[in-house]
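Engineer: Once you've had a glance at the structure underneath, I'll fire off some questions.
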Amino acid sequence: MPLRRLLAFIVIALASIPAYAQEKRAQPPKSEVRNGVRIERDIAYVPDGDPAQRLDIYLPEKAGDKPLPLLVWVHGGGWVGGSKSENPGAEFTAHGLYASASVEYRFSDKALFPAQIQDCQAAIRFLRANAKKYNIDPDHIGVWGGSAGGHLVALLGTAGGTGAFPKIGENANQSDRVQAVIDLFGPADFPAVKKQVAADKTVKNIFNFEDMSSPYAKLFGAVPGDRPDLEKSASPVTFVSNDDPPFLIIHGTADTLVPYAQSTELAEALKRAGVTVLLQPVPGAGHGGPQFTLPAVKRLYKRFFDKHLKGADVKIEPLPASELAAPQAAPAK
């Protein structure tokens, strides 16, 4: 075969390798130490389960004398995408303050609700069952997540321990309750979304709620309003009770995907039930963005977890708008 034809054949062959195979080769190692943190990836929390039913755990390279409280991150992505590869809790772990984990779950194109919360609850039970192995404190587990992840951690907070969803995997004897929740702009009351979108004249939501195109529809396999049973059971507000863990809810007032009213409704329901909750509005912010990682906001995250997972004597107070302004872009040179 002439050299030119051979090279052309190789190029075509390489181009035909499935994208997933290329992505697999680019994945980080299953186990590594980075910045003083030992990372164990792709741990199956449901034995012989779906490939998505895995989590990553982050532990200090040098184990301490006492078990550490655990922070569990649940990523967003509209229940149809996203990845556990990013774990904001790693920063806390690097300082030896907390163990942390990042959870993957089945997406709605593979399994409709309640698969997503069943996976997250199974992950909590797995981590609690393996507390001694990982030197974590099973009585002090905090969860946090944004968007779809915010919804799932809020549901972990209000539905945990209620038996509302059939348990999957092993460790059924373990509790799936958590002790602190940070909900970043997650949906909280699905039956109310359309009404709240229509009522907010200052923010135009980007979704079409009359067909199957939105993540809301794909989560339930039905146009919003057509499966009220599933929508109610997926709503954190449905399960609010006075024994829920403390909540920190942060939401942009100009969110075009999840109405800000979703978080005000959840916060009010928690307050009525006597649950400790702080709703932190982020003026002018949309669905995520740099305002949610400003220094003042990151300090708020830490104070909240320190208070409710470590018993720190700190105040959890609303941040002033002056500390939440969007970062200014650097001037062009």
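Engineer: Looking for something without any contact (Cβ under 8 Å) to a residue 24 or more places away in the chain and surrounded by fewer than 18 Cβ atoms within 10 Å (Cβ to Cβ) - is there at least one such residue anywhere in segment 183-194?
Structural biologist: No, every residue in segment 183-194 fails to be without any contact (Cβ under 8 Å) to a residue 24 or more places away in the chain and surrounded by fewer than 18 Cβ atoms within 10 Å (Cβ to Cβ).
Engineer: What do you reckon, is residue 75 open to solvent by 30 Å² or more (accessible area, probe 1.4 Å) and either in contact with a helix residue (DSSP H, G or I) (Cβ under 7 Å, 6 or more places away or on another chain) or not small (Gly, Ala, Ser) (or both)?
Structural biologist: When the stated conditions are applied, residue 75 does not pass them.
Engineer: Do you know which residues across segment 211-222 are open to solvent by 30 Å² or more (accessible area, probe 1.4 Å) and part of a loop (DSSP other than H, G, I, E, B)?
Structural biologist: 211, 212, 213, 221 - these are the residues of segment 211-222 that are open to solvent by 30 Å² or more (accessible area, probe 1.4 Å) and part of a loop (DSSP other than H, G, I, E, B).
Engineer: On to the next question. Among the numbered conditions (1) in a helix (DSSP H, G or I); (2) among the hydroxyl-bearing types (Ser, Thr, Tyr); (3) without any contact (Cβ under 8 Å) to a residue 60 or more places away in the chain, tell me where residue 175 comes up short.
Structural biologist: It fails just one condition, (1).
Engineer: Something else about it: Suppose we filter segment 277-323 for residues that are touching a helix residue (DSSP H, G or I) at 6+ places or on another chain (Cβ under 6 Å) and assigned to a loop (DSSP other than H, G, I, E, B); how many remain?
Structural biologist: Total meeting the criteria: 6.
Engineer: How about segment 43-58: which of its residues are open to solvent by 50 Å² or more (accessible area, probe 1.4 Å) and assigned to a strand (DSSP E or B)?
Structural biologist: 54 - this is the single residue of segment 43-58 that is open to solvent by 50 Å² or more (accessible area, probe 1.4 Å) and assigned to a strand (DSSP E or B).
Engineer: A further question follows. In segment 135-144, is there at least one residue being β-branched (Val, Ile, Thr) and in contact with a Lys or Arg (Cβ under 9 Å, 6 or more places away or on another chain)?
Structural biologist: Checking segment 135-144: at least one residue is β-branched (Val, Ile, Thr) and in contact with a Lys or Arg (Cβ under 9 Å, 6 or more places away or on another chain).
Engineer: Testing residue 255 on (1) at pLDDT 95 or above; (2) open to solvent by 20 Å² or more (accessible area, probe 1.4 Å); (3) not β-branched (Val, Ile, Thr), one condition comes back false. Which one is that?
Structural biologist: (2) is the only condition that residue 255 fails.
Engineer: Here is a follow-up. From 8, 21, which residue is at pLDDT below 95 and surrounded by 12 or more Cβ atoms within 10 Å (Cβ to Cβ)?
Structural biologist: Only one candidate qualifies: 8.
Engineer: Does segment 211-235 hold any residues that are aromatic (Phe, Trp, Tyr) and either without any contact (Cβ under 8 Å) to a residue 12 or more places away in the chain or more than 24 Å from residue 144 (Cβ to Cβ) (or both), and which are they?
Structural biologist: 220
Engineer: Could you check segment 227-252 and list, in sequence order, the residues that are in a loop (DSSP other than H, G, I, E, B) and either open to solvent by 30 Å² or more (accessible area, probe 1.4 Å) or out of contact with any helix residue (DSSP H, G or I) (no Cβ under 6 Å at 6 or more places or on another chain) (or both)?
Structural biologist: 227, 240, 241, 242, 243
Engineer: Sticking with this structure for a sec: Go through segment 268-317 residue by residue and tally those that are open to solvent by 40 Å² or more (accessible area, probe 1.4 Å) and hydroxyl-bearing (Ser, Thr, Tyr).
Structural biologist: Summing the residues that are open to solvent by 40 Å² or more (accessible area, probe 1.4 Å) and hydroxyl-bearing (Ser, Thr, Tyr) in segment 268-317 gives 2.
Engineer: Is it the case, given these coordinates, that residue 169 is within 21 Å of the chain's Cα centre (by Cα), farther than 30 Å from residue 318 by Cβ, assigned to a loop (DSSP other than H, G, I, E, B) and touching a residue at least 60 places away in the same chain (Cβ under 8 Å)?
Structural biologist: Yes, satisfied.
Engineer: Of all residues in segment 78-121, how many are open to solvent by less than 20 Å² (accessible area, probe 1.4 Å), assigned to a loop (DSSP other than H, G, I, E, B) and more than 26 Å from residue 190 (Cβ to Cβ)?
Structural biologist: Adding up the residues that qualify gives 3.
Engineer: Sort out which residues of segment 253-268 are of a type in the set (A, V, I, L, M, F, W, C) and in a loop (DSSP other than H, G, I, E, B), and write them in order of number.
Structural biologist: 254, 257, 258
Engineer: Of the conditions (1) under 14 Å from residue 69 (Cβ atoms); (2) assigned to a loop (DSSP other than H, G, I, E, B); (3) among the acidic types (Asp, Glu), residue 139 fails just one. Which one is it?
Structural biologist: Answer for residue 139: the failing condition is (2).
Engineer: Among the residues that make up segment 196-210, is at least one of them under 30 Å from residue 293 (Cβ atoms), part of a strand (DSSP E or B), in contact (Cβ under 8 Å) with a residue 12 or more places away in the chain and among the hydrophobic types (A, V, I, L, M, F, W, C)?
Structural biologist: no
The values are calculated or read from the model by the stated rules, or taken from the named source; none is laboratory data. None of the values given here were measured: they were computed from a predicted structure. As a convention, Cβ positions derive from the backbone with ideal geometry for all residues, glycine included, and neighbour counts pool all protein chains shown. Only protein heavy atoms, including side chains, enter the accessible area calculation; ligands, DNA and RNA are left aside. Shrake-Rupley method; radii C 1.70, N 1.55, O 1.52, S 1.80 Å.
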